[in-house]
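Colleague: Submitted below is the structure of interest, expressed as structure tokens.
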Amino acid sequence: MQTMDQVTWRGHAKGAGVSAERPAAAGPFPRLSAPGRIGTLDLPHRILMGSMHLALEGDRGDVDRVVGFYVERARGGAALITTGGAAVSPEGGGERTYCLTRPADVEDLSTVAEAVHAAGGRVALQLFHAGRYAASRETGLAPVAPSAVYSQLTRETPRELRADELVALADAFGRGARIAVDAGFDALEIMGSEGYLLNEFLAPATNRRTDAYGGELSHRLRFPLEVVAAVRAAVGQGMPVIYRMSGADLIPGGTSWEDTLALARALEAAGVDALNVGIGWHESRVPTVAAIVPPGAFAAVGAGIREAVRIPVIGANRIADPEVAERLVAQGALDFIAPARPWLADPQFARKILAADAVAVNVCIACNQSCLDHVLGHPLQPVSCLVNPRAGLEARVHVERSGSPQRIAVVGGGPAGLEAARAAAARGHRVTLFEEAPLLGGQFQLAARVPGKEVFLRTLRYYEEMLRRLRVDVRLGVAPGPDTLEEFDHVVLATGVTPAIPEIPGVDLGHVVTYPRVFSGQASVGRRVVVIGAGGIGCDLAHMLTEPLIAPATERFAREEGFELPAPARREVTLVHRSLRPAASVGRTTRWVLLQTLARRGVVIRSGVTVEEITDEGVRIRSDAGEDLLPADTVVLCVGQVSRRELVEPLRSRTRVTVVGGARESQHLNAARAIRESFQLAQGL
């Protein structure tokens, strides 16, 4: 791998990276702060905004929302924004997607480019064709692909493209590129990753052709290179062209590493100005963007590609942490980072990092609940964000100071209460937050114990910092009564939930505990565990309980030092529930990851059963197969929640009261809903 000195020399010689005449900026993130260049485009720093589908595109009634979204990120300091994919032909698009053959969509995109420039930003248009991932129910057209290979994502088999159609499609990319120039975009990105059309030509799994576009590598490279040639011919040498390539398909029969490097070199030779490295296909069974994926987990892929070429390499997947990003750029693994979801969570993502104010970043927790689950689900929903419910509504929801500040009491310091206090204080209200526990966080404190969800503590850090800056009076260890609360103009009850206790014989036995006591470490847990309930919380609990006792760093130390650690006894965890669908409330983009992890760790899920009794020996269940006794040292109750509303009636006649979050509705406990309710409430105060 190159040293930073080598990177600096390379950038000076080829117009990429840090110029030798412009030393890297000083500060806590000097390499992220350093100027860079992609082709002819000078960029002030290394933090870009990656492409994401907003599910707002293609509807003229929502163009203000699209414009507002991108303008706010331009003001937030993104060095270069890449739009969601704009289809170069109708069959390659989808629902609520821009298509460059529709004049109205081209006009809207011109409006986007103009608005971003007016806000001081730069914007690239992504040229897109979904290939076999396009759905006929959305386009009204049959999907097309290199070969007729069934798609697990759409549950359709595409039609194989003829050679003459490939020539026409390459021309369509060229026309799209010309449209981007005329519309005022600063750069182009060709989408060739994530299992979309161009990526499909590289992978033997989806390219089974025997003509000049299939078979040996030079033939599988042909169509992507023809597209690049058509784009370059359409825009000339002055327009920066980025190619988003797949660094690792992560599917059986995917592109080999050797072929991936060959593609990178061929793209450089074809005149591409930078490579943006994507990871995984939508059909991959390897998590790529879920919270369980460690930060920077795929950086080595980008680093390997970077060693093969002399043009800038951009990384994206799970590079949201500024410390991780700084290290990767400083070590020469990447030239730029281009996260997407972190810009949903905080539209000031780059500006805060560059101002050495990372503690104020509202971090992405990689939950996917309001972003990927929205735009990949059915019915399609506009993108939003669990921790930032204003995402996608920037043009229509303006946070303004209240003309009549009130004294607001917020009771409860979980996600709903934290957002209610922050949002109300941001509007100028005088806010006091009461939390009976010694720590803020509520359910987030429990969730942070789940492997991969430690980032929830960063969200709590953000809220604590915001409350401090907004001068919210935070009172921990205090459970206020009606006499205290009636002094306020408005009371927001965000008191959350308490675990539901089912009516099961034996529920009061000593080895039966509720899930909060296990998550918080207040209850000891034996080797054989039965969890009653297999919703999202129950599955998360099983995940936590089966986490290996020996940390990977300890295993690596022992291996390198040449001694063998004794294998600790593994917990035996069984989940039992009435329904036939475990983790039913977990979103489609993360549910499979969770269930796959539990299966790998040996967690047994018994679906469609009724718990008859808890005994000293275990849990007696009944199903269509008969009765069974599940041995258990510990039984954990995880069968839902009950809203805490004991303050509602005593306060109704004394002051104005609003109930939010789990205290309002305990069914299908949902942090996204709780935070959104609190934000909306504050806007009306």
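Colleague: Restricting to segment 521-561, name every residue that is over 21 Å from GLY618 (Cα atoms), outside any helix (DSSP H, G or I) and within 25 Å of the chain's Cα centre (by Cα).
Modeller: Correct list: GLU547 only.
Colleague: Among the residues of segment 285-309, count how many are touching a helix residue (DSSP H, G or I) at 6+ places or on another chain (Cβ under 8 Å), in a loop (DSSP other than H, G, I, E, B) and closer than 19 Å to ASP335 by Cβ.
Modeller: Residues that pass the stated criteria total 3.
Colleague: Applying the selection to segment 118-175, what residues are over 30 Å from GLY238 (Cα atoms) and among the acidic types (Asp, Glu)?
Modeller: GLU138, GLU156, GLU160
Colleague: Looking at (1) surrounded by fewer than 21 Cβ atoms within 10 Å (Cβ to Cβ); (2) within 27 Å of GLN152 (Cβ to Cβ), which one does ALA212 not meet, given that it meets all the others?
Modeller: Among (1) surrounded by fewer than 21 Cβ atoms within 10 Å (Cβ to Cβ); (2) within 27 Å of GLN152 (Cβ to Cβ), the lone unmet condition for ALA212 is (2).
Colleague: Looking at segment 334-371 only, could you name the residues that are more than 17 Å from GLY76 (Cβ to Cβ) and either of a type outside the set (A, V, I, L, M, F, W, C) or outside the structural domain of ARG155 (by TED's automatic domain parsing) (or both)?
Modeller: ASP335, ASN368, GLN369, SER370
Colleague: Among the residues of segment 102-117, is any assigned to a loop (DSSP other than H, G, I, E, B), of a type in the set (A, V, I, L, M) and at pLDDT 95 or above?
Modeller: No: segment 102-117 contains no residue that is assigned to a loop (DSSP other than H, G, I, E, B), of a type in the set (A, V, I, L, M) and at pLDDT 95 or above.
Colleague: Give just the number: which of (1) surrounded by fewer than 24 Cβ atoms within 10 Å (Cβ to Cβ); (2) outside any loop (DSSP other than H, G, I, E, B) does GLY77 not satisfy?
Modeller: Failing condition for GLY77: (2).
Colleague: Moving on. Any chance segment 228-241 includes a residue that's on the phi < 0 side of the Ramachandran plot, within 27 Å of the chain's Cα centre (by Cα) and assigned to a helix (DSSP H, G or I)?
Modeller: No, there is no match, as no residue in segment 228-241 is on the phi < 0 side of the Ramachandran plot, within 27 Å of the chain's Cα centre (by Cα) and assigned to a helix (DSSP H, G or I).
Colleague: Same structure, new question: Across segment 42-57, which residue is farthest from GLY77 (Cα to Cα) among those that are more than 20 Å from the chain's Cα centre (by Cα) and surrounded by fewer than 24 Cβ atoms within 10 Å (Cβ to Cβ)?
Modeller: Among them, the one singled out is ASP42.
Colleague: On to the next question. Might you check whether a residue that is more than 24 Å from ASP489 (Cβ to Cβ) and of a type outside the set (Gly, Ala, Ser) occurs anywhere in segment 406-416?
Modeller: Checked segment 406-416: no residue is more than 24 Å from ASP489 (Cβ to Cβ) and of a type outside the set (Gly, Ala, Ser).
Colleague: Spot the failing condition for GLY195; the list is (1) closer than 13 Å to HIS129 by Cα; (2) surrounded by fewer than 24 Cβ atoms within 10 Å (Cβ to Cβ), and only one is missed.
Modeller: The one condition GLY195 does not meet is (2).
Colleague: For segment 358-386, name all the residues that are part of a loop (DSSP other than H, G, I, E, B) and touching a Phe, Trp or Tyr at 6+ places or on another chain (Cβ under 8 Å). Walk me through how you get there before you give the answer.
Modeller: Restricting attention to segment 358-386, the residues satisfying the condition of being part of a loop (DSSP other than H, G, I, E, B) are 361-371, 376-386.
Scanning segment 358-386 gives VAL361, ASN362, VAL363, ILE365.
The values are calculated or read from the model by the stated rules, or taken from the named source; none is laboratory data. This one's a predicted model, so the numbers in the text were calculated from it and none came from an experiment. All Cβ positions, glycine included, derive from the backbone under ideal geometry; neighbour counts span all protein chains shown.
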